[in-house]
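Structure record follows, encoded as structure tokens.
No value in this document is a laboratory result; all are computed from the given coordinates. Remember, it's a predicted structure, so these values are computed and weren't measured experimentally. So basically every Cβ, Gly included, is an ideal-geometry build from the backbone, and we count neighbours across all protein chains shown.
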Amino acid sequence: MTLILGIETSCDETAAAIVADGHWVLSHIVATQHELHERFAGVVPEIASRAHLEQLDPVVRRTLADANIPIDRIDAIAVGNRPGLIGSLLVGVSSAQTLAWATGKPLIGINHVHAHLYAPLLIGEKTSLTPHATPCTPRTPHSSTLYPALGLVVSGGHTSLYQVHGPTDLRILGKTLDDAVGEAYDKAAAILQLGYPGGPKVDQLARSGDAQLHQLPRSLLGRDSLDFSFSGLKTALLYKVRGQPHGRGPGACFERNSNDLTSRQRADLAASFQVAAIETLIVKLQRAMDQLTDGGAAPRRLIIGGGVAANSLLRQRAHELSQRRQIPIDIPALPYCVDNAAMIAGLAHEFLASGSVDGLDLPAIATTTE
Ligand code: KG4
Ligand code: ZN
């Protein structure tokens, strides 16, 4: 059995996990920093890296203790080394480098965004309790029935479509030109004064609202475009809530205040925002499927990963799409949608198995084009 210790610190979650043979999550701990960032309604990079420094050591120790595995039983150390906040990444990368050096184990740097698309292949204690759970027999990632797949990553920092030829072989098809969908959710929550992180709060509130009450824009860009844009949707919500601005920039005055909304109005606006955001994602998925199929590379499966994959409406609409188009779909169990280190350790198994490991000079990289 191959055991990999994964470390993840790219944004505002300090996480560690131990994964066996690329599938079995033996332990997995995520320490969130939400409380620290809440009053700023977004992640403050300096606060995030400082908190990672404080949290990472105890999180790694607890992860090893929970699995009852001594560090010398671990076969490799994996770390999300790109993309992300550079100060946050550096904390995880330098800790992983130190562990790899001290134990003499191989070090593997992982692309965080690609790891989100590996997450459905994880099997953990909690997965069988959630809807749309991964079946409890591991599928080998190279099974010919799994690839090529069409992957959609929807997170706080990314909204990207990929043609997935294998867990380590991805080709980008489209990405957001401005805000990521998770970022738009967080900003919508700030506009509606729901708190941070906004995605789960908007999702929850939207369930009691009337999604048909407000027509908010779905930005589909050009007819064939597989890129995304969510800044118009966010601004349209702002104007619906607060009326037209007088003046520009941070000094602009609005006709109304968000405090003036009743809870009913807030729920209707959340529902209208949610349906516009999620329908945009579904249209793009359909477009990508059609284009790949027309080009003779029909996907065998859909994969959706990232924090917004926890969204109830996206999960429902994606499953309807999969039934309508008769194509299997994989969405991670809820604990593995948001940032976690199990997906880092799981994907690292692929690299370890092919002998592709990194040197102790592994860099932290803030932005990638992959
Ligand atoms: O993947 P993730 O944990 O971090 C990044 O890689 O960015 O995604 C975090 C994002 C946040 O923007 C959060 O608001 C959003 O995922 N999110 C959701 C839901 N749960 C988390 N968005 C919509 N509905 C949800 N249920
Ligand atoms: Zn993420």
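Apply the a/c threshold of 1.5 to the C-alpha gyration tensor of segment 1-136 and tell me whether it is rounded, prolate or oblate. It comes out oblate by the Cα gyration axes. Our summary gives the chain a relative contact order of 25 percent, counting only alpha carbon pairs under 8 angstrom and 6 or more residues apart. Could you tell me what percent of the DSSP beta bridges with both partners in the chain are antiparallel, to the nearest 5? Expressed as a percentage, antiparallel bridges in the chain total about 65.
Sequence-distant contacts, meaning Cα pairs under 8 Å at least 6 residues apart, place the relative contact order of segment 260-370 at 21 percent. The calculated P(r) of segment 52-125, using every Cα pair and 10 Å bins from 0, goes 17, 46, 36, 1 in percent.
One quarter of the convex hull surface built on the alpha carbon atoms of segment 230-279 amounts to 3.7 nm², the projected area averaged over directions. Against the empirical 2.2 N^0.38 Å (N residues), the chain has a Cα radius of gyration ratio of 0.99. The packing ranking of peptides 233-242, 319-328, highest mean first, is 233-242, 319-328, where packing means the average number of other beta carbon atoms within 10 angstrom of each residue. For segment 194-284, the square roots of the Cα gyration tensor eigenvalues, ordered a ≥ b ≥ c, give a/c of at least 1.5 with a/b no greater than b/c, which places it in the oblate category. The Cα-based radius of gyration of segment 183-340, divided by its Kirkwood radius, gives an Rg/Rh of 1.01. Segment 237-264 and segment 296-363 have their alpha-carbon centroids 38 Å apart.
Pairs of lysine residues in the chain that meet both criteria, 8 or more places apart or on different chains and Cα atoms under 27 Å apart, total 15.
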